[in-house]
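Heads up, the thing below is written out as structure tokens.
Each reported figure results from applying straightforward, stated rules to the coordinates on display, with no laboratory input. Quick caveat: nothing in here was measured; it's all calculated off a predicted structure. Here the Cβ positions follow ideal geometry from the backbone for every residue, glycine too, while neighbour counts run over all protein chains shown.
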Amino acid sequence: MKVVLLAGGLGTRLREETEFKPKPMVEIGGRPILWHIMKSYAHYGFTDFVVCLGYKGDAIRDYFFNYELRNSDATITLGSRSVEFHHPHDERGWRVTLADTGEKTLTGGRVKRAAKYIEGDRFMVTYGDGVADIDLRDLMRRHEARGKLATVTAVHPSSRFGQLSVEDGMVKVFREKPQVEEGWINGGFFVFERKVLDLIGSDQDSLENGLLEKLTKMDQLAVYAHRGFWQCMDTFREMQTLNQLWETGRAPWAKWR
């Protein structure tokens, strides 16, 4: 099962970091958020990835080309280019296809460009800037049971503000930026049948304003309602929040830990 990762956007709202690297390479706990997303999929047995490159894609290429050396002890015999790796990392067996999908291509167009690397009748897609504690095997089972062309994961967004419960002039409950219980948003983590590729036209087609709207009109877009943790990394403050969760051992998405 192929997992397509959309990693080519500009990330303009996180300019503090993305001026020098693509947003999927912004780190949580010393690892790119892209790595965290891939670890989540691998935890459920999905380890065949297609990474859609665009803005500053060479940073992602370099990361994976040098992954063994970055993540293993090694003995290098100078002059012979001989390298022996010791104590291999836990990501052995991952298959990562790095696909150039253009700097200005929109999300739907990126999936279309990556189609030549997608084998089989079904594949998964997600954005390269959000983490969640979704049971991805359950998502796949629900998609198969509904028999539709696509399934989108719906999530409750986090509030921008702290929430107070007040009684007799005193705060009884304080929750910092809780998840909003009303309303659903697109949380990514899609499952698609291969037939949807025929519904994507040009590079300027997006998933959100193109493919998903078409599928909705066709009554072919099922929903997987996720009530657990979900957080995108659009701003510097959200990056800080995710890093704090990781550093304090409270990262809900890190099921592999």
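Treating region 209-257 as a set of equal point scatterers at the Cα positions, no solvent, please give the Debye-formula log₁₀ I(q)/I(0) at q = 0.15, 0.29, 0.31, 0.33 Å⁻¹.
Here log10 of I(q) over I(0) equals -0.63, -1.07, -1.13, -1.18.
With 10 Å bins from zero, work out the P(r) of the chain over every alpha carbon pair and list the percent per bin.
7, 28, 35, 20, 7, 3, 0, 0
Based only on other Cβ atoms within 10 Å, what is the fewest-to-most ordering of 235, 105?
Sorted ascending by nearby Cβ count, the order is 235, 105.
Hey, any idea what the orientation-averaged projected area of the convex hull of region 38-129's Cα atoms comes to, in nm²?
Value for region 38-129: 7.7 nm².
Can you pull the semi-axes for region 44-94, root of five times each eigenvalue of the Cα gyration tensor, sorted largest first, whole Å?
Working through the eigenvalues yields semi-axes of 24, 17, 8 Å.
Let me have the 222 nm mean residue ellipticity of the chain computed from DSSP H runs of 4+ only, each contributing -39500 (n - 2.57), with the sum over all residues rounded to the nearest 500.
-7000 deg cm²/dmol
Quick check: net charge around residue 146, other residues with Cβ under 14 Å of its Cβ, Lys/Arg +1 and Asp/Glu -1?
Summing Lys/Arg as +1 and Asp/Glu as -1 gives 0.
Ranking 1, 140, 218 by Cβ neighbours within 10 Å, fewest first, what do you get?
Listed from fewest to most nearby Cβ atoms, that is 218, 1, 140.
Along its principal axes, what span do the Cα atoms of region 188-234 show, with the longest given first and each in whole Å?
That gives 33, 25, 18 Å along the principal axes, largest extent first.
Using Cβ contacts closer than 10 Å as the measure, can you line up 205, 135 from fewest to most?
135, 205
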